[in-house]
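Taking it in order: structure first as structure tokens, then the write-up.
The values are calculated or read from the model by the stated rules, or taken from the named source; none is laboratory data. Everything numeric in this text was worked out from a predicted model, so none of it was measured. Glycine gets a Cβ as well: all are built from the backbone with ideal geometry, and neighbour counts include every protein chain shown.
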Number of protein chains: 4
Amino acid sequence: MAFLPQVDICRNILDVTRRLLIEQGTTRLSIRMIAREVGCSVGTIYVYFENKDVLIHALIEEGFDKLVEMQEQTEKAVSDPLQRLSALCRNYIRFAMQNPEYYEIMFMLKPERMARYPAEKYRKARHSLEIIAAALEQCGRRGLMSVAEPYLEAHLIWAFMHGVISLIGVKRIDRRFEQDEITEAAIQRIIEMNLKRK
Amino acid sequence: MAFLPQVDICRNILDVTRRLLIEQGTTRLSIRMIAREVGCSVGTIYVYFENKDVLIHALIEEGFDKLVEMQEQTEKAVSDPLQRLSALCRNYIRFAMQNPEYYEIMFMLKPERMARYPAEKYRKARHSLEIIAAALEQCGRRGLMSVAEPYLEAHLIWAFMHGVISLIGVKRIDRRFEQDEITEAAIQRIIEMNLKRK
Amino acid sequence: MAFLPQVDICRNILDVTRRLLIEQGTTRLSIRMIAREVGCSVGTIYVYFENKDVLIHALIEEGFDKLVEMQEQTEKAVSDPLQRLSALCRNYIRFAMQNPEYYEIMFMLKPERMARYPAEKYRKARHSLEIIAAALEQCGRRGLMSVAEPYLEAHLIWAFMHGVISLIGVKRIDRRFEQDEITEAAIQRIIEMNLKRK
Amino acid sequence: MAFLPQVDICRNILDVTRRLLIEQGTTRLSIRMIAREVGCSVGTIYVYFENKDVLIHALIEEGFDKLVEMQEQTEKAVSDPLQRLSALCRNYIRFAMQNPEYYEIMFMLKPERMARYPAEKYRKARHSLEIIAAALEQCGRRGLMSVAEPYLEAHLIWAFMHGVISLIGVKRIDRRFEQDEITEAAIQRIIEMNLKRK
DNA sequence: TATGAATGAGCATTCATTCAT
DNA sequence: GATGAATGAATGCTCATTCAT
């Protein structure tokens, strides 16, 4: 034990919590469960996180950081505005699919049900929207789209993606459709929806 | 008691539960809370509902009945297929806005987190989708739209609406936008999205 | 229904209760369970039996009546005292094996755990002992046995049988032994135990 | 607290449970009752015992350990096989009389009524039987008894003692007899029963 | 006679959190 | 920093019993 440095209990707690969040959701998730899974005592959790909410807020923040960083990189990496837009959409959906637990706490918790709602943290979410709005504007400037209100349009795009992700998450999409089929169709509609009519 | 005619305890339980569901969500909602609010004993709840799940399932069924009935009436009432489609969308969103508690248990619960998942009840949801698909087909037949796969398209429309509803529900739409502005814009995009390009 | 006379609800309740007693024991047995199984309402049970204890006491009485009647008949039917003694023993054990629910409430309930202990009813049990004591005396008079204290001896015989029955009931007899093997061996020992040494 | 050294809560819980078991039996015994009597909160019980069954199983094990240890000591201490046999019997009965709560959970619970039946724990009971069988065999080897099947005979002896203990436990022995009178008579019969007829 | 709604107390169990060590 | 005992309140649910109908 002395030679096996306790690497990073804090990290461990966060990762275990993420895993448990998928199966259990926030309410069913319990500190005892986390402790048992991490292999530490309940008290130890409280050494690192003031309470259950703080622990979840930490994960929410982490999620936003990951998402925003990914989108910022795409913004930089893809120069063609139309391709950038679809890359941003594809990324967003992929992020949700691969990190359902992050996605759930980032975008599916009703604020009125969170005891200690950290409004500031959610404001980070805005940045991800602004990146989409910027891509739309760029498309507009290049004459590819005619977007009167890019920020509103970005909300609509976001909503569309969020709807697809959510319905997949609650397993309500008809089994006849593959996940990819649905998500790709959605992305296609999103692009077309804004493309300049000739 | 003599002055407060005990109208219908069962109905009362259902209504109180609906109300509490908005504030608390399914997991936090407790039988004791319901009993306290209804003004009866815990045991009384169990006279009418075998257990907590059965109570919630009853509400889910009620919700689907309301929604499907509303959509069926619209289907009959509006003959113009394009207007019918937009009426169906508008209705769906209005239903969700006015009955957030119904909407949540109907469309937002992860099946794997429900102890006793009543798959059959959820199957009713399909009918609401089929009504939209039928409207799309009708539009196609009239040459107003060219919908290759009406059922897939109906899913996409549903997803779009569900996304708007969900984001409004978790209060993530920028305060600068009115609810109506967003929902109407979404409906407009939904129609346009499918309109035949000239 | 009108043509299907409600035969004898009371009898029905008693029989269902007996059946449930085997699986559940007195404590776990519930009025609701009985009502469900009988196919009547809980209230109906209370029409016939003042409360749960009274219902069980009725069964206890019934059990004693059956046992004593059986033993009295044997007493009359078998004239040879030695054969009578072994017949009485065999009967007793068979009664216990075939009516474990009667036997349990008749002989295994701790009086201090019965809310309303009907001491008088248990006094009936004595008669069954007296019949055994009488048989022992008869054997004594015929010179087959020399029983100094027939009543004490009857108690010991009873205890022996009760022990075999109880251990079989809690499934503690080694599986290598057949039930019959054990009970017959016990009866043999009981007879020998009292037989006059030559 | 400072004045009442919290010696050993775990031990305390076990002892209180034992006491309550006599009055209430396993089914009526409740965690709340134990907590109230121990003077701790309900949760505290669960700190030491995973659930009610585990708590009772712990007592069962404790009981078997006590009984077997006592019998093993007697086996070693008493060299004369006949005296050893009667000492083993006397010990067994004394154990049951002095620890009725242990005895009840060790030998009177129907396995089918125990939710989580710890079969392995009950297997310990066998050892106590084997010690008696060994004593019988020893008597046989010394020509004091002629025991064809010592293990079967041990079962019969056990049953006899169990019967006496049980009837005393349910207070069914006629008040005219002292407990000692009955138990000593039983032990005497047990020895005689197996003694070689001259 | 028969019903079944209603109750209040009770059940085993789990929880987030505190705090002395 | 890490522990884990301790708590009090809460959870879903069952119970024997009552009583107006």
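Key figures for this structure:
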| quantity | calculated |
| --- | --- |
| The lone exception for D:Leu109 - which of (1) under 25 Å from C:Ala159 (Cβ atoms); (2) assigned to a helix (DSSP H, G or I); (3) within 13 Å of another protein chain (Cβ to nearest Cβ) it fails | (2) |
| Filtered residues of segment B:25-64 (kept if assigned to a helix (DSSP H, G or I) and aromatic (Phe, Trp, Tyr)) | B:Tyr46, B:Tyr48, B:Phe64 |
| Exclusive hit being surrounded by 13 or more Cβ atoms within 10 Å (Cβ to Cβ) and either more than 15 Å from DNA strand E (Cβ to nearest atom) or at positive phi (or both), set A:Glu37, A:Glu23, A:Glu61 | A:Glu61 |
| Evaluation of D:Arg142 against (1) under 30 Å from D:Glu50 (Cα atoms); (2) surrounded by fewer than 16 Cβ atoms within 10 Å (Cβ to Cβ); (3) in contact (Cβ under 8 Å) with a residue 60 or more places away in the chain; (4) not hydrophobic (A, V, I, L, M, F, W, C) (one fails), failing number | (1) |
| Residue list for segment A:116-127, filter: touching a helix residue (DSSP H, G or I) at 6+ places or on another chain (Cβ under 7 Å) and either more than 11 Å from chain B (Cβ to nearest Cβ) or part of a loop (DSSP other than H, G, I, E, B) (or both) | A:Arg116, A:Tyr117, A:Pro118, A:Lys121, A:Lys124, A:His127 |
| Single residue of segment B:139-191 satisfying the filter (more than 30 Å from A:Met106 (Cβ to Cβ) and not in a loop (DSSP other than H, G, I, E, B)) that is nearest to the other protein chains (Cβ to nearest Cβ) | B:Tyr151 |
| Among (1) surrounded by fewer than 20 Cβ atoms within 10 Å (Cβ to Cβ); (2) of a type outside the set (A, V, I, L, M, F, W, C); (3) at pLDDT 95 or above - the single one A:Tyr92 does not satisfy | (1) |
| Enumeration of residues in segment C:76-89 that are surrounded by fewer than 18 Cβ atoms within 10 Å (Cβ to Cβ) and of a type in the set (D, E, K, R) | C:Lys76, C:Asp80 |
| In segment C:26-49, the residues that are within 11 Å of DNA strand F (Cβ to nearest atom) and either among the hydroxyl-bearing types (Ser, Thr, Tyr) or within 24 Å of the chain's Cα centre (by Cα) (or both) | C:Thr26, C:Thr27, C:Arg28, C:Leu29, C:Ser30, C:Ile31, C:Ile34, C:Ser41, C:Thr44, C:Tyr46, C:Phe49 |
| Test for B:Val54: is it away from chain A (no Cβ under 14 Å), at negative phi and within 15 Å of DNA strand F (Cβ to nearest atom) | yes |
| Any hit, segment D:65-87, residues being away from DNA strand F (no atom under 16 Å from the Cβ), over 16 Å from the mean Cα position of the chain (by Cα), within 14 Å of another protein chain (Cβ to nearest Cβ) and at pLDDT 95 or above | no |
| Of residues in segment D:66-81 being touching a helix residue (DSSP H, G or I) at 6+ places or on another chain (Cβ under 6 Å) and of a type outside the set (Asp, Glu), the one nearest to D:Gly140 (Cα to Cα) | D:Pro81 |
| Residue within segment C:90-98 that is facing chain D (nearest Cβ under 8 Å) and out of contact with any strand residue (DSSP E or B) (no Cβ under 7 Å at 6 or more places or on another chain) present | no |
| Where B:Gln98 falls short, out of the listed (1) surrounded by 15 or more Cβ atoms within 10 Å (Cβ to Cβ); (2) under 10 Å from the mean Cα position of the chain (by Cα) | (1) |
| Any chance B:Ala148 is surrounded by fewer than 20 Cβ atoms within 10 Å (Cβ to Cβ), under 21 Å from A:Glu178 (Cβ atoms) and modelled with pLDDT under 95 | yes |
| In segment D:174-191, the residues that are closer than 18 Å to C:Met161 by Cβ and either hydrophobic (A, V, I, L, M, F, W, C) or not assigned by TED's automatic domain parsing to the domain that holds D:Cys139 (or both) | D:Phe177, D:Ile182, D:Ala185, D:Ala186, D:Ile187, D:Ile190 |
| Exclusive hit being charged (D, E, K, R) and within 25 Å of D:Gly163 (Cα to Cα), set C:Glu50, C:Glu104, C:Glu37 | C:Glu104 |
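Yes or no, residue by residue, for (1) among the aromatic types (Phe, Trp, Tyr); (2) within 15 Å of DNA strand E (Cβ to nearest atom); (3) at pLDDT below 95; (4) surrounded by 15 or more Cβ atoms within 10 Å (Cβ to Cβ):
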position: C:Phe3; (1), (2), (3), (4): yes, yes, yes, no
position: C:Arg32; (1), (2), (3), (4): no, yes, no, no
position: C:Tyr48; (1), (2), (3), (4): yes, yes, no, yes
position: C:Lys52; (1), (2), (3), (4): no, yes, no, yes
